[in-house]
1. Using the Cα centre as the reference, give the magnitude of the dipole from point charges on the C-beta atoms of region 20-93 (Lys, Arg: +1; Asp, Glu: -1; all else neutral), rounded to the nearest 20 debye.
2. Please work out the C-alpha center-to-center distance from region 53-96 to region 130-149 and express it in whole Å.
3. Which angle from 0 to 90°, rounded to the nearest 10, does the C-alpha axis of helix 157-166 make with the longest principal axis of the chain?
4. From the C-alpha coordinates alone, can you work out the Kirkwood hydrodynamic radius of region 268-320, in Å?
5. Size of the dipole of the chain about the Cα centre, Lys and Arg at +1 and Asp and Glu at -1 on the beta carbon, nothing else charged, in debye to 20?
6. Could you give the accessible area per residue of the chain, probe 1.4 Å, as a whole number in Å²?
7. Run a plain Debye calculation on region 53-205 (Cα atoms as equal point scatterers, no solvent) and give log10 I(q)/I(0) at q = 0.13, 0.17 Å⁻¹, rounded to two decimals, same order as the q list.
8. How much of Leu216 can a 1.4 Å solvent probe reach, expressed as accessible area in Å² and rounded to 10?
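The values are calculated or read from the model by the stated rules, or taken from the named source; none is laboratory data. This structure is a prediction, so every number in the text was calculated from the model and none was measured. Glycine gets a Cβ as well: all are built from the backbone with ideal geometry, and neighbour counts include every protein chain shown. Side chains included, ligands, DNA and RNA excluded: accessible areas come from the protein's heavy atoms. Shrake-Rupley method; radii C 1.70, N 1.55, O 1.52, S 1.80 Å.
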Amino acid sequence: MSKSTHARVVIVGSGPAGYTAAIYAARAMLEPVLIQGIQPGGQLTITTDVENYPGFADVIQGPWLMEQMQKQAEHVGTKIVTDHVVKIDLAHRPFRLTCDSGDIYLADTLILATGAQARWLGLPSEQKFKGYGVSACATCDGFFYRGKEVVVIGGGNTAVEESLFLTKFASKVTLVHRRDALRAEKILQERLFKNPKIGVVWNSMVVGILGTDNPLKVTGVGLKNVKTGEFSELAADGVFVAIGHNPASELVAVQLDMKPSGYIATTPSTATSMPGVFAAGDVTDDVYRQAVTAAGQGCIAALEAERFLAAHAEQRAAAE
């Protein structure tokens, strides 16, 4: 039997933004409900070594970090729900969320922390080596390639920015692009072409990730020239896929103002175009996309939800 639950704060998503929002909302005695979604813990659950999250002198594991965040959220009073939201109705108050199980959640305030997913090539070998030499975040993993050779796949701003960033660590960066010209901004292209550590392979697509099984380790990529059909191999210690991200914003895409990139628009901080609805983390952040910035936004969203509820309580009291 499906059931209906009313809460002052409902949080959708269980990455750093969602769990941090839950921790702050629970400590404010708002008794938040957090609905985890189809990937509890978010992108950090497929990240092995994490070295840039503050507070840990040693390298930690992404899944472990998310387990600790969940335990902390539960410890301070968050109700964690293992379910997936399939519909959100913002036309009426309280907001109505329908889950895959059939359960209904009514929310006085809503915090969207559904995150984003990196676009991947869709190769079986890519899946095999994720976390073992294949990454979608140079800022997260570039540090592990000091003095090594890496490949970046893509041709837009993200790919060029990742390539430039990786030159701080890698001895050589090769950008692979399937066309004969980049889509990135001209100023970024100029920086890339001037950097002696960066080379470009044009008119080519990656058709396979090469590596060893024991231990799992990337050794290079298989390439196909899209004009000649010629196949070749390129040695590399790491591969960074930089062909963009897809924000998980489809549930509210026609109900809230969106950025041209498909991310939820917020102003001035985590408030969306709908009063009482807040967005935090990668579903709104198309620039930084870091665990620590997501956590910071989660904190802000909870504080803003608390203030929103307090202001409306005062208004109701004054009206009575």
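1. Details: 5 positive and 8 negative charges, 75 e Å.
Charge dipole of region 20-93: 360 debye, to the nearest 20.
2. 26
3. The helix 157-166 is inclined about 70 degrees to the chain.
4. Working: mean 1/r = 0.0831 Å⁻¹.
The answer is 12.0 Å.
5. Value, rounded to 20: 660 debye.
6. Working: 15700 Å² over 320 residues.
Dividing the accessible area of the chain by its residue count gives 49 Å².
7. Those come out to -0.83, -1.03, one per q.
8. So the heavy atoms of Leu216 present about 60 Å² to solvent.
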